[in-house]
Amino acid sequence: MTIHWRFGAGRATESKRRLIFALDVDSTAEAEALIDALLPEVGVFKVGKQLFLHAGPAIVRRIRERGGEVFLDLKFHDIPRTVAKAGVEAARLGVKMFDVHASGSDEMMRVTVAEVRRACRREALRRPKILAVTVLTSLSRDDLKRVGVMAGVENQVVRLARLAKESAMDGVVASPHEIATIRKACGRSLTIVTPGVRPPRADWDDQKRVMTPEQAIRAGADYLVVGKPIRDAKDPVQAARAIVADMERGFGGLTLRSAVERT
Ligand code: C5P
């Protein structure tokens, strides 16, 4: 198991490294202003479908040129070869992580992991973490039933997280309330990236199943994804700092052993 906890750097640096800011904006100028302001404050910028379709791969290259890390959140779901090729392009862009839908099948995940590994070896690229989306947090038990999935949300999340692990995926994207169940089913080696995080006392608007950063870290999340509370804050830098401070409190509550075991 890789140990990423950097003892010398301390908790603040480690918390920062594990904060992913969702760059959900529709203008390159706005994205660039946020990137410049938040580069020293967050570890990773998440580029999703909206910004990627607006600004293209250039926005990923720009973040990389400025020294930032990228989570390319395009949630690939297609035949195995197509997803694998998309994954190779993501690796060529230099992203730190990208995601696919676990429901695309174990073969789709396996082929993608293998192809990306091969390309990274061949082209001397850094290998991105490949994450699996299990069940979107917007889906209810009834939504699943209507598309023919009778298992219920939690069972389906566990089933897909296990499938992802067996397919050699690096981790999963999971809501805060799924972390404990996934850890129990899949152990500590799976990286868990968690959206649905809100700072204490914030207006918990459209995220029904939220936790504070401290709670999510204590629950076992490795990376937190936060968008709105930083983006819409009067002072995004202060908002990011407050979240990092809350994450530090979460790490403070962990034993050294459980902290070093995180990926
Ligand atoms: O709400 P917020 O802006 O913090 O969301 C950050 C990111 O988390 C968004 O880009 C969204 O894609 C993702 N998200 C999610 N599940 C939710 C809500 C948001 O994956 N229930």
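Expected output is a single nm value to one decimal: the length gained when fully extending between I79 and L39, i.e. 0.36 nm times separation in residues minus the C-alpha distance. What is it?
Answer, rounded to one decimal: 10.8 nm.
Only Cα pairs under 8 Å and at least 6 apart count here; give the relative contact order of the chain as a rounded whole percent.
20 percent
Of L34, L53, L160, which has the largest mean-square fluctuation in a 10 Å C-alpha GNM of the chain?
Maximum among the listed residues: L53.
Under 5 Å between amide hydrogens, which residues at least 5 positions from K46 or on another chain qualify, with H placed 1.01 Å from N in the peptide plane?
F21, A22, L23, F71
Check which residues have an amide H placed less than 5 Å from V135's amide H, if you skip close sequence neighbours.
For V135, whose amide H was placed from the backbone, there are no distant partners under 5 Å.
So what's the gap between the Cα centers of region 178-201 and region 46-88, to the nearest angstrom?
Result: 23 Å between the Cα centres.
For region 26-123, what does the relative contact order come out to in percent, with C-alpha contacts under 8 Å and a separation of six or more?
Working: 120 pairs, mean separation 24.4, N = 98.
Relative CO of region 26-123 lands at 25 percent.
List the residues, sorted by chain then number, that are 5 or more residues from T212 or on another chain and whose placed amide H is less than 5 Å from its amide H.
It is R198, by chain and number.
Give K46/K165; K184/K228; K49/K228; K184/K234; K46/K145 a once-over and call out the pairs whose C-alpha atoms are over 28 Å from each other. Can you show the working numbers first?
Working: K46/K165 23 Å; K184/K228 30 Å; K49/K228 16 Å; K184/K234 39 Å; K46/K145 31 Å.
Flagged as over cut-off: K184/K228; K184/K234; K46/K145.
Pick from A22, A219, A185 the residue whose mean-square fluctuation is largest in a GNM of the chain, springs joining Cα atoms under 10 Å.
A185
Classify region 4-262 from the C-alpha gyration tensor, please: rounded if a/c falls under 1.5, else prolate or oblate depending on whether a/b exceeds b/c. All intermediate terms of the calculation are to be shown ahead of the outcome.
Working: a/c = 1.34, a/b = 1.12, b/c = 1.20.
In terms of gyration-tensor shape, rounded.
From the residues A124, T191, I63, which one has its Cα farthest along the dipole of region 4-262 in the positive direction, the dipole being from +1 and -1 charges on Cβ of Lys/Arg and Asp/Glu about the Cα centre?
The one lying farthest along the dipole's positive direction is A124.
Can you give the relative contact order of region 115-243 as a percent, counting alpha carbon pairs under 8 Å and 6+ residues apart? Numbers along the way, then the final one.
Details: 164 pairs, mean separation 24.2, N = 129.
The value is 19 percent.
With charges only on Cβ, +1 for K and R and -1 for D and E, what is the dipole size of the chain about its Cα centre, in debye, rounded to 20? Write out the running numbers ahead of the final one.
On the way: 45 positive and 33 negative charges, 181 e Å.
Taking the Cα centre of the chain as origin, the dipole is about 880 debye.
Sort the following peptides by mean Cβ neighbour count (other Cβ atoms within 10 Å, averaged over residues), highest first: 167-177, 80-90.
167-177, 80-90
Counting each DSSP H run of 4 or more residues in the chain as -39500 (n - 2.57), what helix-only mean residue ellipticity at 222 nm follows after dividing by all residues, to the nearest 500 deg cm²/dmol?
That comes out to -14000 deg cm²/dmol.
Just the number please: accessible area per residue for region 4-262, 1.4 Å probe, all protein chains included, in Å².
Result: 46 Å² per residue.
With θ set to phi - 60°, apply the Karplus curve 6.51 cos²θ - 1.76 cosθ + 1.60 along region 91-105 and write out the HN-Hα couplings as whole Hz, x wherever there is a Gly or Pro.
Per residue, the Karplus-derived 3J(HN,Hα) values read 5, 5, 6, x, 6, 7, 8, 9, 10, 9, 7, 4, 5, x, 3 Hz.
So which residue, out of V149, V47, V113, gets the largest mean-square fluctuation from a GNM of the chain using Cα contacts under 10 Å as springs?
V149
The values are calculated or read from the model by the stated rules, or taken from the named source; none is laboratory data. What you are looking at is a predicted structure, and each value in this text was computed from that prediction instead of being measured. Note: ideal-geometry Cβ built from the backbone for every residue, glycine included; neighbour counts use all protein chains shown. To get the accessible areas, we keep the full protein, side chains included, count just its heavy atoms, and leave off ligands, DNA and RNA. Shrake-Rupley method; radii C 1.70, N 1.55, O 1.52, S 1.80 Å.
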